[in-house]
Structures are given as C-alpha cells and as structure tokens.
Amino acid sequence: IDYTGAKAVFVDIDPVSLTIDVTQIEAAITERTKAILPVHLYGQPADMDPILDIARRYGLTVIEDAAQAHRAEYKGQRVGSIGDLGCFSFYPGKNLGAYGEGGMVVTNNPKYALTMQTLRDWGQERKYHHVLKGYNYRMDGLQGAILRVKLRHLDDWTQARRAIAIQYDQLLAKADVITPTVMPYSHHVYHIYAVRVPSAVRSAQSPERDLLQQRLNDHSIQTGIHYPIPVHLQPAYADLGHKAGDFPHSELAAQEVLSLPMFAELSPVQIETVSAAVRGYRD
C-alpha cells in the first residue's frame, strides 16, 4: 500500500455503538484517501458492511483495528478477517495478552503479507538487503510461546467476560448510568465495560462522570477513563486544524464514559460490590 502523501481524516462516532459513524465516511473521502480504518472499540465490532461497500466503490483498503476485539464477531464472522488487513494487540492488558509488548497483522493478500514481513524487520527482504524503510517490530519467541498457551483459554475467558457484562447490565438497570449497547450485528467481547454517566453540567472541568469515579475510588474500586481526550483534540493532530465542537459525539463520550472493573476472574461478590457503589454514588 502506497501511503505517500496520505493524511489522517477523522469522522465522528456513532453515539450508540461508540464505533465509527458509517454515515459520515463517504463525505470525508478525498482524492488522497487510501484506506478506511474502523476501530472495534471496547470489544464491539464496527458496522462493517457499509464500510466494505464504500471501500469497494472508491477502491480503498480496509484496515481493521481489532486491538481490543479478540474473538469478537460481526454477523458471525470474526473481526480481523473481514477487511483487507486486521491488526491485533497483545499488550498484557488485552483479552489475549502476552507478558510484554506484541502484536499481529493478519491478511489473506500475499502482497500485503510480504510488505508486513519486510517492514517488521528493518525493511529487509533478506538479511542485509533493505528494500523499505522499516522497523524493529519482531515479537520475541518468549511472547509467542506465552500467547500460544493462553490462546487455548481465550474462548473460556471471552465467555466469562460476556457473563460478567450480563450481570453488570442487570445490576445497573436502575442506576444513573447508561450501560453498553450491544448492536444487533455484534458479538461483543467486552475488553472494557464502559458505562456512560450523563453530564448534568456539560463541562470538561467537572463532568458528572468524575463524581462517580471519585465515589468508586473512595470505596477502593479502581476505574479507568477510555478515553479522556478525543483524538482530534490531541496536540499530535493539531496540524489538522480541528477545534472543540467538530465531533460532538466523541467529545461528549470523552466526558461521560467510565470503565468499570472487567476481567474474566471477577467474582459475583465483586460485581455486586461495584454495582452497589455505582447505584449509590449520589447518596
């Protein structure tokens, strides 16, 4: 894939799924567009059929970001196998994690596969013959051995995460939070169980979400915010010229989302403890 002259172009998220808003993609395409990169966020697949349709009509590559979505499915098909390429992370905190850094790109396109193999090893086609400006992205054998063993347990861990999410859904049904919406095409794997806390005051300085986070912290319950600053407002992308208000759904989600504890070994007692603290945070 030749990305010479390519430049990132963002579109907003769908406010329900929190994945890419497929209705905005086509309007964002220019003559310089090379690829569409849907992110299967939190373990929920993006709506791939419209993305693939647009890509075919415009001759674009589809690169799936499945870093948080090991074993997730879109209409019965595993994510990472739907687009032209699929990218997975094996960071230790992922659903399938190594004991150090690691990742994988999958494709059934021999040309793309050769390019990936070359780029990961300093751009070498063979030893000391560099045909591309590459990187040192070779995952060491120890991480591969650990992942091979852990892979045998991924199905069980995925089922456990989904069962925990169901318990959270039930226990938080009457709480002052919005639980994750599973889209009808989705087999969600809950890398993160992110609730939304509707903002009483639309203020990035003191969103309602922060009050809940403090309440849980007071009860020794750790939480996370994925993600507090939308990509278009990050200093790294200031050259694109975006400002607050350009992507309102992303900005509102950044003020409202809160990730509750989620891992396969959570016990029913722990889930109830977290849920009780969430239900009572306004008391």
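Annotations
Condition check ((1) within 23 Å of the chain's Cα centre (by Cα); (2) of a type in the set (Val, Ile, Thr); (3) at pLDDT 95 or above) across all residues:
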residue: Thr181; (1), (2), (3): yes, yes, yes
residue: Ser203; (1), (2), (3): no, no, no
residue: Pro228; (1), (2), (3): yes, no, yes
residue: Ala253; (1), (2), (3): yes, no, yes
residue: Ser267; (1), (2), (3): no, no, yes
residue: Ser275; (1), (2), (3): no, no, yes
residue: Tyr281; (1), (2), (3): no, no, no
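- From the options Ile36, Ile20, residue that is at pLDDT 95 or above, open to solvent by 30 Å² or more (accessible area, probe 1.4 Å), among the β-branched types (Val, Ile, Thr) and within 16 Å of the chain's Cα centre (by Cα): Ile20
- Filter result for Ile29 (buried (at least 20 other Cβ atoms within 10 Å of the Cβ), over 26 Å from Gly134 (Cβ atoms) and at pLDDT 95 or above): no
- Elements of type helices (runs of 4 or more DSSP H) contained in the range 186-283, each with 1 or more residues being open to solvent by 20 Å² or more (accessible area, probe 1.4 Å), over 23 Å from Phe10 (Cβ atoms) and not aliphatic (A, V, I, L, M): 208-218, 268-279
- Options Leu119, Leu96; residue that is surrounded by 13 or more Cβ atoms within 10 Å (Cβ to Cβ), touching a residue at least 40 places away in the same chain (Cβ under 8 Å) and either basic (Lys, Arg) or in contact with a Leu (Cβ under 8 Å, 6 or more places away or on another chain) (or both): Leu96
- Residue in the range 64-81 that is over 13 Å from the mean Cα position of the chain (by Cα), within 24 Å of Lys7 (Cβ to Cβ) and modelled with pLDDT of 95 or more present: no
- Of the residues making up the range 52-68, just one is touching a residue at least 40 places away in the same chain (Cβ under 8 Å) and touching a Phe, Trp or Tyr at 6+ places or on another chain (Cβ under 8 Å), namely Gln68.
- Search result, residues across the range 63-78 that are open to solvent by 10 Å² or more (accessible area, probe 1.4 Å) and of a type in the set (A, V, I, L, M): Ile63, Ala67
- Among the residues making up the range 142-172, those that are assigned to a helix (DSSP H, G or I), farther than 13 Å from His70 by Cα, among the hydrophobic types (A, V, I, L, M, F, W, C) and open to solvent by less than 100 Å² (accessible area, probe 1.4 Å) are Ala145, Ile146, Val149, Ala160, Ala163, Ile164, Ala165, Ile166, Leu171.
- Near pairs, Cβ below 9 angstrom, 6+ apart or cross-chain, from the range 141-158 (within 18 Å of Leu266 (Cα to Cα)) to any residue that is among the charged types (D, E, K, R) and not in a loop (DSSP other than H, G, I, E, B): Trp157/Lys150
- Among the residues making up the range 34-52, a single one is small (Gly, Ala, Ser) and over 18 Å from Ala69 (Cα atoms): Ala35.
- The listed residues are Leu60, Leu41, and the only one of them that is crowded, with 16+ Cβ neighbours inside 10 Å, farther than 19 Å from Pro180 by Cβ and out of contact with any Gly (no Cβ under 9 Å at 6 or more places or on another chain) turns out to be Leu60.
The values are calculated or read from the model by the stated rules, or taken from the named source; none is laboratory data. All figures in this text were calculated on a predicted structure; none of them were measured in a lab. Glycine also receives a Cβ, built like all others from the backbone with ideal geometry; neighbour counts cover every protein chain displayed. Side chains are part of the model used for accessible areas, which takes the heavy atoms of the whole protein and leaves out ligands, DNA and RNA. Shrake-Rupley method; radii C 1.70, N 1.55, O 1.52, S 1.80 Å.
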